[in-house]
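Below: one structure, written as structure tokens.
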Amino acid sequence: MVAPSSDAQKRRMHIEYAEALEADAEISGERCDDLVEASGYWHFADEHGREERALAAAAEADDGRSVLSGRAAYASFLLTHGRREEGERAMAQLMHEGSECEWAYGEAAAGYQAIGAHQEALRWLNIGVQRFVPDLGAEVEVGDPGFELLRERADLRHRLGLPADQYDELLARSEERSHEVFSQIEEIGRQEHAIPAVLYWPEAEFAEVQRRHPEWNPGLTHVEHRRFIQRTLTDHPTSAVIVAGALDDLVAFAESRELPLDDPATHTEFTAEAARLGQAAPWPPERNDACWCGSARKYKKCCGAPGFA
């Protein structure tokens with residue numbers, strides 16, 4: 001039995017993570033993101049001076065196109081650490097210049113909510129939603145630009161007692177569709193017990209599967225397929241392997257064994273055989289490794305990004 005970590009051990013762990021991220025920031029090409037992430041670990045370690053230094057450096061490195069916003073994170077830090085005047089100046093400058101980073105608007109809103117300035121938080125969410133969801137008639141799905149801002153905005157408006165508006169109704173429609181799709185995904189998952197070998201269709205193969213056999217994954221997009229695979233793999237953090245499927249290989253396998261191609265059990269057997277032959281990738285990847293999905297992005301910025309699955 002492993003003894004629970006003491007507060008001192010947890011603090012050392014947070015410091016180690018923060019230092020590793022700061023070192024990575026010098027060589028990763030993602031300086032802003034790594035420094036913002038490091039600041040979170042400095043915060044948990046109660047090293048608020050080092051937290052501020054990391055955020056100040058992240059703000060300086062922020063070009064408005066990173067996944068995380070150093071400028072918004074630093075301004076939020078100032079707001080929540082008794083330096084409201086400095087924080088509001090930084091927020092005003094960020095608002096004036098704008099940002100291509102969706103996270104910036106949610107982080108700014110979170111900072112204002114933390115000090116009880118709910119109307120200012122709502123203003124940031126309104127501007128972010130209008131920037132990233134310009135079409136009220138569009139279908140917005142989990143993971144699409146603006147979806148999280150829509151959700152944060154709806155939550156805040158509900159807490160403020162405001163009636164639902166058109167953006168809230170768009171979110172409700174999107175969430176209803178997401179629930180339907182995820183129910184389909186879970187049903188497919190119940191039919192395919194391929195653990196520890198998980199069958200993943202790369203994007204081109206997925207498109208071919210959908211063209212030739214749309215009944216296998218009804219209504220599913222490739223992004224939703226990736227989310228399902230990531231959730232499945234996360235449930236088996238040390239035992240799973242990933243088999244990148246090719247439809248022609250599956251067809252040949254089924255024909256060679258006289259198995260029905262449409263039977264999920266055939267897919268399971270195909271996946272297990274590929275894993276037995278060593279035609280599989282181990283799980284999990286390291287945070288800075290190329291993502292398992294084949295996107296060529298780092299895992300931590302792709303399928304392993306917080307909230308993706």
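A few remarks follow.
- If R0 equals 22 Å, the separation of the Cβ atoms of ARG131 and ARG84 corresponds to a calculated FRET efficiency of about 0.30.
- In this entry, segment 36-134 is assigned a mean projected area of 5.8 nm², taken as a quarter of its C-alpha convex hull surface.
- Annotation: per residue accessible area for segment 33-82 equals 41 Å², rounded to a whole number [probe 1.4 Å, protein chains only].
- Relative contact order (%) - the chain, alpha-carbon pairs under 8 angstrom, separation at least six: 9
- The calculated FRET efficiency for the pair ALA207 and ALA20, based on their C-beta separation and a Förster distance of 30 Å, comes to about 0.20.
- Rolling a 1.4 Å probe across all protein chains gives GLU255 an accessible area of roughly 130 Å².
- Nearest 10 degrees, 0 to 90: helix 48-61 Cα axis against the chain principal axis: 70
- Cα long-axis angle, helix 247-256 against the chain (0 to 90 degrees, to the nearest 10): 30
- Neighbour net charge for HIS158 - beta-carbon separation under 12 angstrom, K R +1, D E -1: 0
- Solvent-accessible area of the chain (1.4 angstrom probe, protein heavy atoms only): carbon and sulfur portion equals 51 percent.
- The trypsin sites (Lys or Arg not before Pro) of segment 13-73 meeting both criteria, a DSSP state outside H, G, I, E and B (loop) and at most 10 other C-beta atoms within 10 angstrom of the site's C-beta, are ARG65.
- Total formal charge among the other residues, if their Cβ is under 14 angstrom from that of VAL67, Lys/Arg +1 and Asp/Glu -1: -2
- Probe 1.4 Å, accessible area per residue of segment 242-297, Å²: 56
- Averaging the Cα positions of each part gives two centres, and for segment 217-274 and segment 282-309 these lie 19 Å apart.
- Rounded to 10°, Cα long-axis angle of helix 222-234 versus longest principal axis of the chain: 90
- Classified by the C-alpha gyration tensor, segment 196-279 has an oblate form. Its axis ratio a/c, with a ≥ b ≥ c, is 1.5 or above, and a/b does not exceed b/c.
The values are calculated or read from the model by the stated rules, or taken from the named source; none is laboratory data. Not measured: the values here are computed from a predicted model. Note that we place each Cβ from the backbone using ideal geometry, even for glycine, and neighbour counts take in every protein chain shown. Just the protein is used for accessible areas: all its heavy atoms, side chains included, with ligands, DNA and RNA removed. Shrake-Rupley method; radii C 1.70, N 1.55, O 1.52, S 1.80 Å.
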